[in-house]
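Chemist: Below is one structure. I have some questions about it.
Taken together, the values in this text are just the output of simple stated rules run on the coordinates, not laboratory data. A quick note: this is a predicted structure, and the numbers were derived from the prediction, not measured. A quick note on method: Cβ atoms are made from the backbone with ideal geometry, for glycine too, and the neighbour counts reach across all protein chains shown.
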Amino acid sequence: MLDGGNSRKWTRRSVTTNTQGRNKSGQCSDPRKLRQEILDVTVSTSATLNLNKIETSQYQQIQHFDIRQLIAQNKDLASLVTVIVFDTETTGFSRERDHIVEIALQDLQGGENSTFQTLVNPECRVLNSHIHGITTNMVNRPDVPRMEDLIPILLKYVKSRQKPGGCVLFVAHNARTFDVPFLCNAFRRCGVDIPSDWLFKDTLPMGREAMKSEGSKPSSRSISLQALREHLGIPLDGSAHRAMSDVKVLAAVFQRLTFMLKLPLASLVEDAFTASEIGTPKKKSSR
DNA sequence: TGCCAGGCCCTCTTTAGGGCCTT
């Protein structure tokens, strides 16, 4: 159920989300319309956010989820697992100092509402616009959601894609040391826990393994997302280093890698990690 | 003044160092 109750106050400032790659300014004052627009991901959306802490906490109370128990019980994983490829653009590499400026998701089961994309207001200057083309002026605006505005929407969107009693497998390139720590820190700053039924899969070691299986020396071939895309003959759709464009590339790369490595869904899920397994940053080593 | 990201993997290796990957 997406509504989650009717007694909440709708007082947050207006924001703009965009679920298909284009941002459109504008506001919506009707909460019911907001709900409809957030889920209507085949068109650009604009929204006034009215979600409060109480609503967010509803998602934090998800019961502990143990996918390994389901595997042991030989449950039909295809009917339980939602695979979502995602990518984040940030203000830099530091998970502590830098912030997310764009996030995009694609549910691999496809169909209506299968993609979600939005810019994120980092509330700081964007100094690496030369990388992704996202400028300070594009995101430091009242109609672009801050992370605390976005999290309830994101939780709702993912919940809307989730299968009853199932989990979500989020896939990203370098997920373990980049996207997931950034996501964890963004949630932590907002006082929200990553749901325990969110699992994560990193395609970086998959790419390394696939190259190895082809006989390449590990050090001789790049396993960056763009290098894998070129190697696998996948066309670039949009600009590299924009979140949705990279998500589309990664979705194709991920499916090719699972085929090359003959990885069944159970294996993918079993090797996945949870947000709680992402440790706190270590002190810089002496080397 | 010193720091400025962090984890994984490879090798000229494991009591270490350096490159890759993400923005």
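Chemist: Please tell me the relative contact order of the stretch A:150-287 in percent, rounded to the nearest whole number, where contacts are Cα pairs under 8 Å and at least six residues apart.
Modeler: Answer for the stretch A:150-287 is 27 percent.
Chemist: What nm value, rounded to one decimal, do you get for the distance between A:GLN226 and A:GLU270 when each label is placed 7 Å out toward the C-beta?
Modeler: Label at A:GLN226, label at A:GLU270, 3.7 nm between them.
Chemist: In the stretch A:135-287, if every C-alpha pair distance is counted and binned at 10 Å from zero, what percent goes to each bin?
Modeler: In order of increasing distance, the bins hold 9, 32, 36, 19, 3, 0 percent.
Chemist: Compute log10 of I(q)/I(0) for the stretch A:81-149 with the Debye formula, placing one identical point scatterer on every Cα and leaving out solvent, at q = 0.13, 0.19, 0.28 Å⁻¹, to two decimals.
Modeler: Each listed q corresponds, in turn, to -0.41, -0.76, -1.20.
Chemist: If we restrict to alpha carbons, what Rg and Dmax does the stretch A:121-196 come to, in Å?
Modeler: Spelled out, the Cα radius of gyration and Dmax of the stretch A:121-196 are 14.4, 43 Å.
Chemist: While we're here: What is the gain in length, in nm to one decimal, between A:LYS212 and A:ARG125 on full extension, counting 0.36 nm per residue of separation less the C-alpha to C-alpha distance?
Modeler: Details: separation 87, 0.36 × 87 = 31.32 nm, distance 4.08 nm.
So the extension gain works out to 27.2 nm.
Chemist: Checking the table A:LYS156/A:LYS262; A:LYS201/A:LYS262; A:LYS159/A:LYS262 against a 21 Å threshold on Cα-Cα, which pairs fail?
Modeler: Numbers: A:LYS156/A:LYS262 33 Å; A:LYS201/A:LYS262 16 Å; A:LYS159/A:LYS262 29 Å.
Going by Cα-Cα distance, A:LYS156/A:LYS262; A:LYS159/A:LYS262 fall outside the 21 Å limit.
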